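Structure record follows, encoded as structure tokens.
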Amino acid sequence: MIKVYINDRPYDVVDGITIMQAATTAGYKIPSLCYHPRLSTYGGCRVCIVEVEGIKNFVASCSYPVKEGMKIHTNTEAIRKARKEIVELILDNHPQDCNVCMRNGMCELQNLARTVGVETRDFEGARKKYDKDNASPCVTNNQEKCILCGRCVRTCAEIQNIHAIDFVNRGINTKISPAFNASFKDSVCSNCGQCINVCPTATLMEHNYIKEAFAALNDKSKIKIAQIAPSVRAAIGEYFGIKPGQNWEKETAAALRKLGFDYVFDTQFAADLTIMEEASEFLDRLKNGGVLPMITSCSSAWMKAMEQFYSDLIPNVSSCRSPMSMLSSITKTYFAKQINADPKNIVNIAFMCCVAKKYEAARPELEIDGMRTTDYSLTTRELGWMLKSAGIDLPTLKGEEFDSPLGQSSGAATIFGATGGVMEAALRTAYEFATGKTLENIDIKEARGIAGIKEGKIDVGGTEIRFAVASGLGNASKVLNEVRKDKNKYHFIEIMACPGGCIGGGGQPYAGLGSQPFDIGLLKLRAQALYNCDVAKVIRKSHENPDIQKLYKDFLGKPLGEKAHKLLHTHYKQ
Ligand code: HC0
């Protein structure tokens, strides 16, 4: 430890950390923009400047290390004036359209301007003129709003290892773009949406389908069906200013009915269905010498990344559709029959924590007899916006149950939303399918926690199953490179594209001012909301869900059967 002085007060801090880290531990939040604690230091925006006695120029606190006896001033007149001017200069070539901007009220630049005291806009800087890239069903790019903080570029490279975007051009023409100025649609972007989570402005946003969703809700000739992903319930409260860590599933069901949905189903029902198919597929491969390790397939951004960068591993990837797509298949077949409806009159709208689900929804491989199954996939943020704009104050609503028969789920399905949850759910069922015995300790601790890579083993009927769990595509690439070297290292691998799993999805509410995207504390709170829900359920194994048992008995036949293959499985592009 060394002693430093911050604003004339002494503090003992760890040697070698930056001034910003020292200030944070001492209780000072230095304003910043390009800085992110989980990314490499860029030091480009200079918003975090401070004065250090004995150094002539202001220094960027995000990159300058502390030294014994250093005297730091974070809040002098000169610093306040310089910081304000830096933010004014950033604003000078930023559009003046806050009132009509989708991030109005949730914009870091707007907040920063207030924090540093910008009260007038005295200069009219050169404005950037670009066409908005709206072609991708997932990510839109409006470079007129970009302040070149580079957080998106570093996230895509350092967290996700995808490298889909970078700075291009020079000077006033500098912008962020996929290679060759391509649209996101034609790039290697995995659609994970993590760049959206870290973007401080409305430059990178999800392609929103709010207008289409409202139009469908107002169409009297349609049967409107909603489903919500596991992690939506763990985060939607944050959109309404409630602290993270609570489960809002019943209030969300009530809110969706108030929005006008005729049926509100739960993606978690289909998570149980996925486990029936995936556990059966795994045991089939294990018993009959199929390709191992088997790799989970429910994360849509992982699927796109896999097809682009790991297509040699296609035989390893489970053929199961994701729970979202399974539920959409079942509503337009089994459920349509139950209510005597023409599936063409059903509109399936899925509310997901994920941006890439929009791409998944549009995949032709998932059509059934030429019919699209998920009509629209919207993010948790889009749901929050729809509810607010319809005057529905979710946290104050009296909770309601999901509709039957596609609304009941096990605890295993709930934990799908956190990294390791799919593995734990699959192992609970695979064990009992393989052995015919009850799995006594169903909490598979090695699969839990926010770590990016986890490993474990479990004895399944005398065979030791070695498994791995990776969240974040950067971590996934490390595990997959191991698999390329040694196909026998694992039997079963779960991969989720987003850090922490779906709870950290690219479509989740923007992290609050006190926390950052992929902040470990935030992810832990969201995960805990799901694990608490698992423990509170009487049924905690997918195969024990009575409505799933009925679905197989009345309609599907058996797992991996002919009908299941047509409706619940898919194939991938080389
Ligand atoms: Fe996920 Fe899913 S866990 S991908 O992030 O498998 O969006 O929560 O809905 O489909 O169930 C998202 C979350 C899901 C799916 C489920 C899976």
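List of remarks:
- Residue within the range 487-503 that is away from the ligand (no atom under 16 Å from the Cβ) and either surrounded by 24 or more Cβ atoms within 10 Å (Cβ to Cβ) or of a type in the set (D, E, K, R) (or both) present: yes
- Of all residues in the range 323-361 being within 16 Å of the ligand (Cβ to nearest atom) and β-branched (Val, Ile, Thr), the one that is nearest to CYS298 (Cα to Cα): VAL355
- Selection count where residues are surrounded by 15 or more Cβ atoms within 10 Å (Cβ to Cβ) and either under 17 Å from GLY506 (Cα atoms) or touching a Phe, Trp or Tyr at 6+ places or on another chain (Cβ under 8 Å) (or both), scope the range 168-197: 15
- Checking each residue in the range 86-99 for being in contact with a helix residue (DSSP H, G or I) (Cβ under 7 Å, 6 or more places away or on another chain) and assigned to a loop (DSSP other than H, G, I, E, B) picks out HIS94, PRO95.
- Hits in the range 217-257 (condition: of a type outside the set (Ser, Thr, Tyr), under 19 Å from TYR510 (Cβ atoms), surrounded by 23 or more Cβ atoms within 10 Å (Cβ to Cβ) and over 17 Å from the mean Cα position of the chain (by Cα)): TRP248
- The residues listed here are LEU406, LEU387; of these, the one that is within 15 Å of the ligand (Cβ to nearest atom) and over 28 Å from GLY472 (Cα atoms) is LEU406.
- Some residue of the range 324-346 being modelled with pLDDT of 95 or more, among the polar types (S, T, N, Q) and under 21 Å from ALA470 (Cβ atoms): no
- Test: LEU109 is assigned to a helix (DSSP H, G or I), under 28 Å from the mean Cα position of the chain (by Cα) and either aromatic (Phe, Trp, Tyr) or crowded, with 19+ Cβ neighbours inside 10 Å (or both): yes
- The range 391-443, residues that are touching a strand residue (DSSP E or B) at 6+ places or on another chain (Cβ under 7 Å) and free of Cβ contacts under 8 Å to residues at least 24 places away in the same chain: none
- Considering PHE167, PHE180, PHE214, the condition of being free of Cβ contacts under 8 Å to residues at least 12 places away in the same chain and away from the ligand (no atom under 16 Å from the Cβ) is satisfied by PHE180 alone.
- The lone criterion from (1) among the acidic types (Asp, Glu); (2) out of contact with any strand residue (DSSP E or B) (no Cβ under 7 Å at 6 or more places or on another chain); (3) modelled with pLDDT of 95 or more left unmet by ASP519 is number (3).
- Unmet requirement for MET294, which otherwise passes all of (1) at positive phi; (2) within 15 Å of the ligand (Cβ to nearest atom): (1)
- Answer from ASP12, ASP92 - the residue that is of a type in the set (D, E, K, R), within 19 Å of ILE147 (Cβ to Cβ) and free of Cβ contacts under 8 Å to residues at least 60 places away in the same chain: ASP92
- The residue list SER61, SER40 contains one member that is polar (S, T, N, Q), outside the structural domain of PRO509 (by TED's automatic domain parsing) and surrounded by 14 or more Cβ atoms within 10 Å (Cβ to Cβ), which is SER61.
- Residue within the range 200-220 that is within 30 Å of SER40 (Cβ to Cβ) and either of a type in the set (D, E, K, R) or in a helix (DSSP H, G or I) (or both) present: yes
- When residues in the range 178-203 are screened for being of a type in the set (A, V, I, L, M), under 22 Å from HIS36 (Cα atoms) and touching a strand residue (DSSP E or B) at 6+ places or on another chain (Cβ under 8 Å), 1 of them pass.
- Residue count for the range 487-510 satisfying the condition of being among the hydroxyl-bearing types (Ser, Thr, Tyr) and more than 16 Å from GLY420 (Cβ to Cβ): 1.
- When restricted to residues that are among the aromatic types (Phe, Trp, Tyr) and surrounded by fewer than 24 Cβ atoms within 10 Å (Cβ to Cβ), the range 258-305 contains 2.
- When residues of the range 16-67 are limited to those that are of a type in the set (D, E, K, R) and within 31 Å of the chain's Cα centre (by Cα), the one farthest from CYS156 (Cα to Cα): LYS29
- Filter result for PHE269 (within 15 Å of the ligand (Cβ to nearest atom) and closer than 30 Å to ILE339 by Cα): yes
- Residue count for the range 238-255 satisfying the condition of being more than 15 Å from the ligand (Cβ to nearest atom) and not in a loop (DSSP other than H, G, I, E, B): 6.
- Test: residue in the range 254-265 that is among the hydroxyl-bearing types (Ser, Thr, Tyr) and in contact with a helix residue (DSSP H, G or I) (Cβ under 7 Å, 6 or more places away or on another chain): no
- From VAL347, VAL355, residue being assigned to a loop (DSSP other than H, G, I, E, B) and under 23 Å from PRO230 (Cβ atoms): VAL355
- Within the range 317-331, residues that are over 23 Å from LEU292 (Cβ atoms) and in contact (Cβ under 8 Å) with a residue 40 or more places away in the chain sit with their Cβ atoms under 6 Å from residues that are within 8 Å of the ligand (Cβ to nearest atom) and basic (Lys, Arg), at 6+ positions apart or across chains, in these pairs: MET324/LYS357.
- Which listed residue is in contact (Cβ under 8 Å) with a residue 12 or more places away in the chain, basic (Lys, Arg) and not in a loop (DSSP other than H, G, I, E, B), from ARG46, ARG83, ARG114: ARG83
The values are calculated or read from the model by the stated rules, or taken from the named source; none is laboratory data. This one's a predicted model, so the numbers in the text were calculated from it and none came from an experiment. Using ideal geometry, Cβ is built from the backbone for each residue, glycine included, and neighbour counts are taken over all protein chains shown.
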